[in-house]
Amino acid sequence: MRILIIEDDVELGKALSNTLTEENYQADIAENLGDAKYYLDIRNYDLVLLSWPPDNKSHIDLISTIKTDAYKTSVIVFSERPDKESEIEALKSGADDFIRKPLDYDILLVRIEAKLRFGISNIIEIEDLIINPEEEKIIYQDEEIELKGKPFEVLTHLAMHKDQIVSKEQLLDAIWEEPELVTPNVIEVAINQIRQKMDKPLDITTIETVRRRGYRFCFPKKIS
C-alpha cells in the first residue's frame, strides 16, 4: 500500500514516513502543494495524509483534485484547527476522515487501516479482463493469467491510466523504489513479458507503444 504524506513540517513528515515504513507501507513525502501535485501525477496512491495549516485554504482545495483524478484514493486530513467548522468543511470537501494535531500515532494507524480496509476496491474491470492489484491476480474470460512482479505492476499502472500515454521515466518513478539505480530497459523487458504471457496467447492487445513518448493501455483492442 502506498501513501502520500503532504506536510510542510519536515520533521513531522519524516516521523510519519518512518512510522508508516515500520508498518510496511510505502510512503512518499511532499513538503508543499507543488511536490504533492507532482507525486499525484506520476504515482497511484491508496491513501493521502493531507496536513491543513491554520492559515491556508489551498491545501483543502487539493482534495477535489485528488478525488477527481483518483477517486479510489482515500484522504485523511490532519490539522491544528480546533473548531468543528473546519472538520465539517474538510469532510464536505471530500475528505474521508479528519484528525486533530498533535497526532496520536496509534490512533492514526488504526484510522489508516480502517480506511484502506473499507475503502473503494482498486480492482480494475474492463469487459472480460479483471486486474486485481491487491491479490496480484489477472483474470481473462474466467481464466487466471500468470503474470507477477514488475510486469504486473507495469500493467496495473498503465491500466489505471487507461488511454493516457505514460513515459518510461514515469513508469520507473511510479513503480521502482530507487528508479535512479535501474535503466529504462527494464520497462521494455516488462512490456515484452506482458505481451508474451498475455497478448499473444490470448490474441489481444493490452499495451501499445507510442513512439518516442511511452506506452498506453489500449484494451480492448483485437489484433488484426
Unmet requirement for Met198, which otherwise passes all of (1) part of a helix (DSSP H, G or I); (2) under 21 Å from the mean Cα position of the chain (by Cα): (2)
Just wondering, is there one or more residues in segment 128-140 that are surrounded by 12 or more Cβ atoms within 10 Å (Cβ to Cβ), assigned to a helix (DSSP H, G or I) and at negative phi? no
List the residue pairs whose Cβ atoms are under 6 Å apart, where the first residue sits in segment 62-75 and is aromatic (Phe, Trp, Tyr), the second is at pLDDT 85 or above and surrounded by fewer than 18 Cβ atoms within 10 Å (Cβ to Cβ), and the two are 6 or more positions apart or on different chains. none
Would you tally the residues in segment 196-217 being touching a Ser or Thr at 6+ places or on another chain (Cβ under 7 Å), under 15 Å from Met160 (Cβ atoms) and of a type outside the set (Phe, Trp, Tyr)? 1
Which condition from (1) surrounded by fewer than 16 Cβ atoms within 10 Å (Cβ to Cβ); (2) in contact with a Gly (Cβ under 8 Å, 6 or more places away or on another chain); (3) in the same structural domain as Asn56 (by TED's automatic domain parsing) is the one that Ala114 breaks? (2)
Quick check on Glu188: is it part of a helix (DSSP H, G or I) and loosely packed, with under 11 Cβ neighbours inside 10 Å? no
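Yes/no per residue for (1) under 17 Å from Leu171 (Cα atoms); (2) among the acidic types (Asp, Glu); (3) surrounded by 19 or more Cβ atoms within 10 Å (Cβ to Cβ); (4) touching a residue at least 60 places away in the same chain (Cβ under 8 Å):
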position: Ile5; (1), (2), (3), (4): no, no, yes, no
position: Val10; (1), (2), (3), (4): no, no, no, no
position: Gly13; (1), (2), (3), (4): no, no, yes, no
position: Thr19; (1), (2), (3), (4): no, no, no, yes
position: Tyr38; (1), (2), (3), (4): yes, no, no, no
position: Pro54; (1), (2), (3), (4): no, no, no, no
position: Lys57; (1), (2), (3), (4): no, no, no, no
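The values are calculated or read from the model by the stated rules, or taken from the named source; none is laboratory data. Note that this is a predicted model, so its numbers are computed, not measured. Ideal geometry is used to build each Cβ from the backbone, glycine not excepted, and the neighbour counts take in all protein chains shown.
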